[in-house]
Amino acid sequence: MYFRGLLKGAALAVSLIALPALADQSTTMVQQEFTDRGLDGCLKCHSEEGDAPVVSVLHTAHFVTGDPNTPAEQKACESCHGPSSEHAAKYDDDSQRPAPSVNYGPNMPKSSPESRNQACLSCHEQGIVMNWAGSAHDVDDVVCSDCHSSHTNRDPALAKKDEADVCYSCHKNTRIEANKPHRHPIREGKVTCSDCHNPHGSPTELSLKKATLNDTCYECHAEKRGPFLWEHQPVQENCVECHYAHGGNNERLLKVARPFLCQQCHTENSHQGTFRDGGDLGSTGTSSIIAGKACSQCHSQVHGSNHARGSKLLR
């Protein structure tokens, strides 16, 4: 108890010493208020002829008039950039103009990731964004504006054919995988990252949209779901036991070419395992039963079978 009291006393002393420094810091911060000129005041400088034109934002969902929930019907640009009276004030000389309360760059110092994200989350707090807090991107200080272009009427992050390129700017290894010979049709725009992942976070691993990885795969590959009378154990465990998720060098995104993939588990000294010594092909020591063939040529129901005689996944 005595030691705990000493700790509390030391903490109180440190906080009292820090108070003057905090007070000095607060007095140097630029206190800004909302302007009374609204959008017209911003467009006076941020026109098409200005150094930082933003007229394109008028053609986005953020500036739909008549909807009380849009920034256009609230504080216009300051709905997202915060009170900016000092930024919008008239300056006769070439002195540095203060940034808006919430600035996204690039011409002025960016505000903290928390303040930039909060500007978006103040409106976008439900639906697919509800799990943002604590998500992988949130923990890594990823900001909404790192992925989304709110000033353009065609946000690449919301366009199915362009979305992957936005993700690849950070996930470079995934770009490599998605360009391998056997892959999901991401380049063709038929599949995109958000078909499987929720970039805003989810309660599952890897920010998957479904409860498990297998459930995510079954959204497209429903015929593999089962349940089957005869189950293949790797299928029950995880699809990525055998397949790459984004792309690979082997057919059907297999991690290892057949029959070697099967032989990683089926290692008995018979045709379903390693190549037999003294086989039919003479000096090669390889059985003609499997030479140049794939296990699935006979065991065609490799994911599972409902046939009464399908215990070996033959039918």
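Just a yes or no: is a residue in the range 127-141 within 21 Å of VAL166 (Cα to Cα), of a type outside the set (A, V, I, L, M), in contact with a helix residue (DSSP H, G or I) (Cβ under 6 Å, 6 or more places away or on another chain) and surrounded by 15 or more Cβ atoms within 10 Å (Cβ to Cβ)? Yes, the range 127-141 contains a residue that is within 21 Å of VAL166 (Cα to Cα), of a type outside the set (A, V, I, L, M), in contact with a helix residue (DSSP H, G or I) (Cβ under 6 Å, 6 or more places away or on another chain) and surrounded by 15 or more Cβ atoms within 10 Å (Cβ to Cβ). Quick one: would you say HIS197 is crowded, with 18+ Cβ neighbours inside 10 Å and modelled with pLDDT of 95 or more? Here the answer is yes, as HIS197 does meet what is asked. Restricting GLU78, GLU86 to residues that are charged (D, E, K, R), under 30 Å from the mean Cα position of the chain (by Cα) and surrounded by 14 or more Cβ atoms within 10 Å (Cβ to Cβ) narrows the list to GLU78.
When the criteria are applied in full, LEU208 meets the requirement of being in contact with a helix residue (DSSP H, G or I) (Cβ under 6 Å, 6 or more places away or on another chain) and of a type in the set (A, V, I, L, M). Among the residues making up the range 203-235, those that are in contact (Cβ under 8 Å) with a residue 24 or more places away in the chain and touching a Leu at 6+ places or on another chain (Cβ under 8 Å) are LEU213, TRP230, HIS232.
When the test is whether a residue is at pLDDT 85 or above, crowded, with 18+ Cβ neighbours inside 10 Å and not in a loop (DSSP other than H, G, I, E, B), ALA72 passes it. Could you list all residues from the range 134-156 that are touching a residue at least 24 places away in the same chain (Cβ under 8 Å) and either part of a helix (DSSP H, G or I) or farther than 21 Å from HIS81 by Cα (or both)? Those that are touching a residue at least 24 places away in the same chain (Cβ under 8 Å) and either part of a helix (DSSP H, G or I) or farther than 21 Å from HIS81 by Cα (or both): GLY134, SER135, ALA136, HIS137, ASP138, CYS144, SER145, CYS147. The combined condition, being at pLDDT 95 or above, under 30 Å from THR192 (Cβ atoms) and crowded, with 18+ Cβ neighbours inside 10 Å, is fulfilled by TYR244.
Of LYS161, LYS90, LYS110, all but one fail to be modelled with pLDDT under 95, in a loop (DSSP other than H, G, I, E, B) and closer than 30 Å to HIS246 by Cα; the exception is LYS161. The listed residues are ALA157, ALA99, and the only one of them that is closer than 30 Å to ASN179 by Cβ and surrounded by 14 or more Cβ atoms within 10 Å (Cβ to Cβ) turns out to be ALA157. For the range 40-62, the set of residues classified as part of a helix (DSSP H, G or I), within 23 Å of LYS110 (Cβ to Cβ) and among the hydrophobic types (A, V, I, L, M, F, W, C) consists of CYS42, LEU43, VAL55, VAL57, listed by residue number. In this structure, does ALA52 turn out to be closer than 20 Å to THR152 by Cβ and modelled with pLDDT of 90 or more? It is false that ALA52 is closer than 20 Å to THR152 by Cβ and modelled with pLDDT of 90 or more.
Would the range 26-45 turn up any residue that is touching a Ser or Thr at 6+ places or on another chain (Cβ under 7 Å), polar (S, T, N, Q) and modelled with pLDDT of 90 or more? There is at least one residue in the range 26-45 that is touching a Ser or Thr at 6+ places or on another chain (Cβ under 7 Å), polar (S, T, N, Q) and modelled with pLDDT of 90 or more. Entry remark, the range 166-192: residues being under 12 Å from the mean Cα position of the chain (by Cα) and farther than 19 Å from ASP140 by Cα number 1 in total. Residues of the range 203-222 that are hydrophobic (A, V, I, L, M, F, W, C) and over 13 Å from the mean Cα position of the chain (by Cα): ALA211, LEU213, CYS217, CYS220, ALA222.
The values are calculated or read from the model by the stated rules, or taken from the named source; none is laboratory data. Note that the structure is a prediction, hence the values are computed from the model and not measured. Every residue, glycine among them, receives a Cβ derived from its backbone with ideal geometry; neighbour counts consider all protein chains shown.
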